[in-house]
Amino acid sequence: MTLSLRPEPGTARPFWDAELETQSREQWRALALSSLQSHLRRAYEGSPFYRRSFDTAGVHPDQVKSLEDLRRFPFIDKKILRDRQIAVPPFGDLCAVPERDIVYISASSGSTGVPTASPFTAGDFDDWIDYEARQFWSSGLRPEDRYCHSLNFSLFIGGPCVLGAQKLGALTIHAGTVPSDRLLNILKQFQATAIWTTPSYAWHLGETAVKEGLDLKNDLAIERIFVAGEPGGSIPETRARIEELWGASVYDYYGLSDIFGSCAGMCEHKDGLHWAEDHIHVEVLDPASGEPVALGERGELVLTTLKKSARPMVRFRTGDIVSFTDAPCACGRTSLRMHGVHGRQDDMLIIKGVNIFPSDVEAAVRQDRDLTGEYLLVVDRVDHLDRLAIEVEYRHGFNGTLDELAARIERRLKALTGVGAQVRILAPDSLPRATHKAKRVDDRRSGVWS
Ligand SMILES: [Zn+2]
């Protein structure tokens with residue numbers, strides 16, 4: 001049997017839920033406030049942790065008359081989630097429903113410490129998958145598409161996101177994480193039109209396909225690539241390189257294992273990520289003072305769920321450094337848009353007193369067409385002074401001078417980040433390729449990879 005090569009163009013319906021998605025900013029705020037009041041009450045009444053925590057802080061859900069009143073409530077963070085889960089197994093006392101109401105759990109990858117489980121009721125799960133469908137729709141996915149989900153299914157919150165594409169009506173291929181040659185065969189055999197993976201892996205998979213002699217634009221039918229899990233998807237230079245390689249459009253998504261697989265994603269205009277504002281309230285705070293920063297400024301993302309009943313999250317500090325805008329988007333949607341994750345606070349390097357994120361270096365490196373785009377930050381301490389080196393690779397076929405190339409990259413990095421770094425140019429394929437999340441920093445000051 002031969003499958004037809006390309007589906008017919010999608011329908012003209014622009015929104016998944018037009019009334020919700022195009023409401024005024026005032027309506028978004030009013031909706032958030034009414035959800036917040038009842039959500040905080042549910043947390044207080046259902047969760048022993050929140051009752052204790054609110055009582056200790058001298059706050060009560062009935063005191064919340066505006067969204068700003070939330071600022072009097074205490075923060076939670078990953079450590080609290082983990083500690084409470086250990087103290088009250090298996091899900092911790094932040095849970096606000098009895099276990100019989102829980103139908104699904106995801107768990108964080110657990111690369112460090114104890115994996116924390118994120119419980120969902122049937123209603124929470126339906127809300128989440130409906131949001132995934134809405135977000136996919138805004139990125140142009142349609143029932144005519146063949147969507148290949150190439151994320152890990154093992155406890156990982158990214159796994160069930162495929163059900164959003166299924167709910168939307170697309171044909172879904174639950175591929176999971178399989179070896180690259182097998183995945184390429186799947187994409188080719190079924191002529192998939194969309195795929196979801198990490199940005200590093202999208203790049204790696206594209207390069208592997210080319211090496212194996214596949215013509216990405218003719219042998220495969222990929223039109224849309226959804227990416228998440230790394231800052232790269234928000235960096236225009238990185239998206240442009242992946243788009244050029246595949247001849248497809250790249251959409252960045254952002255999710256958190258403790259809340260939803262996707263909390264935000266790009267529409268067709270790609271000017272930031274539309275936020276799931278009816279499900280999750282956003283604060284952007286100065287990480288040191290805990291005070292809000294002005295709209296558009298960079299700060300730490302702090303989240304409060306508005307509906308999730310199994311485990312409400314009240315003022316969860318994500319550690320992610322982001323910025324937001326409420327300016328109208330050309331697509332007509334009015335939700336807040338996140339301008340990417342500039343990095344995690346944990347990933348931020350301080351070199352000679354200057355803050356620098358690997359994503360800043362990535363933007364500089366990926367502008368240059370004489371480089372492959374792979375890079376590694378090597379941080380060392382020599383004579384008590386921090387020293388940053390950037391390892392990059394020249395491209396196959398490059399015939400210029402390596403010294404000139406290095407000097408050019410050094411100048412660009414200095415202009416972009418304010419930090420002077422030594423640039424080491426390596427031969428193509430010298431740096432390790434990522435099959436999931438890329439390691440971009442080799443911090444030799446502490447002797448560990450971060
Ligand atoms: Zn938009």
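Values quoted throughout were computed directly from the atomic coordinates according to the rules given, and no laboratory measurement underlies them. The model shown is predicted, which means the values in this text are computed figures rather than measured ones. Positions of Cβ are generated from backbone atoms using ideal geometry, with glycine treated the same way; all protein chains shown enter the neighbour counts.
Among the trypsin sites (Lys or Arg not before Pro) within the range 155-254, those in coil by DSSP and having at most 12 neighbouring Cβ atoms inside 10 Å are 217. Shape of the chain from the C-alpha gyration tensor: oblate (a/c of 1.5 or more and a/b not above b/c, with a ≥ b ≥ c the square roots of its eigenvalues).
Ordering 313, 338, 266, 348 by the number of other Cβ atoms within 10 Å of each residue's own Cβ, fewest first, gives 348, 313, 338, 266. Taken about its Cα centre, the chain carries a charge dipole of about 460 debye when Lys and Arg each add +1 at the Cβ and Asp and Glu each add -1 at the Cβ.
Amide H of residue 313 versus every other amide H placed in the peptide plane: which residues, excluding those fewer than 5 positions away on the same chain, fall under 5 Å? Those lying under 5 Å, H to H, from residue 313 are 305.
The eigenvalues of the Cα gyration tensor, multiplied by 5 and square-rooted, give the range 283-371 an equivalent ellipsoid with semi-axes of 27, 19, 13 Å from largest to smallest. Backbone phi angles across the range 395-408, fed through the Karplus curve with coefficients 6.51, -1.76 and 1.60 (θ = phi - 60°), yield HN-Hα couplings of 7, 3, x, 5, 10, x, 9, 4, 4, 5, 4, 4, 5, 5 Hz in residue order; Gly and Pro are listed as x. Annotation for the range 282-391: trypsin sites (Lys or Arg not before Pro) lying in DSSP loop with at most 15 further Cβ atoms inside 10 Å of their Cβ are 352, 369. Taking the helices alone, the chain has a mean residue ellipticity at 222 nm of -9000 deg cm²/dmol, built from -39,500 (n - 2.57) per DSSP H run of at least 4 residues and averaged over all its residues.
Charged neighbours of residue 366, selected by a Cβ distance under 10 Å, balance to -1 (K, R count +1; D, E count -1).
Phi-derived couplings, Karplus 6.51 cos²θ - 1.76 cosθ + 1.60 at θ = phi - 60°, listed residue by residue for the range 118-135: 10, x, 10, 7, 4, x, 4, 5, 4, 4, 4, 5, 5, 5, 4, 4, 4, 5 Hz, with x used for Gly and Pro. Separation of the range 71-92 and the range 347-380 by C-alpha centroid, Å? What the calculation gives is 34 Å, centre to centre.
Longest span of the chain, sites excluded, free of GluC sites (Glu not before Pro) in DSSP loop with at most 16 other C-beta atoms within 10 Å? Don't skip to the end; give the middle numbers.
Working: sites that count: 144, 212, 268, 297.
Formally, the longest exposed-site-free interval is 298-450.
Taken one residue at a time, the phi angles of the range 56-72 give Karplus couplings (6.51, -1.76, 1.60, θ = phi - 60°) of 4, 7, x, 10, 9, x, 5, 7, 7, 10, 8, 4, 5, 5, 4, 5, 7 Hz. Gly and Pro are set to x.
All other residues whose Cβ lies under 12 angstrom from that of residue 398 are scored, Lys and Arg at +1 and Asp and Glu at -1, for a net of -2.
So what's the net charge close to residue 264: Lys and Arg +1, Asp and Glu -1, counting the other residues with Cβ under 12 Å from its Cβ? Walk me through the numbers before you get to the answer.
Working: positive: 134, 333, 337; negative: 132, 252, 277, 320.
Neighbour charge sum, excluding residue 264 itself: -1.
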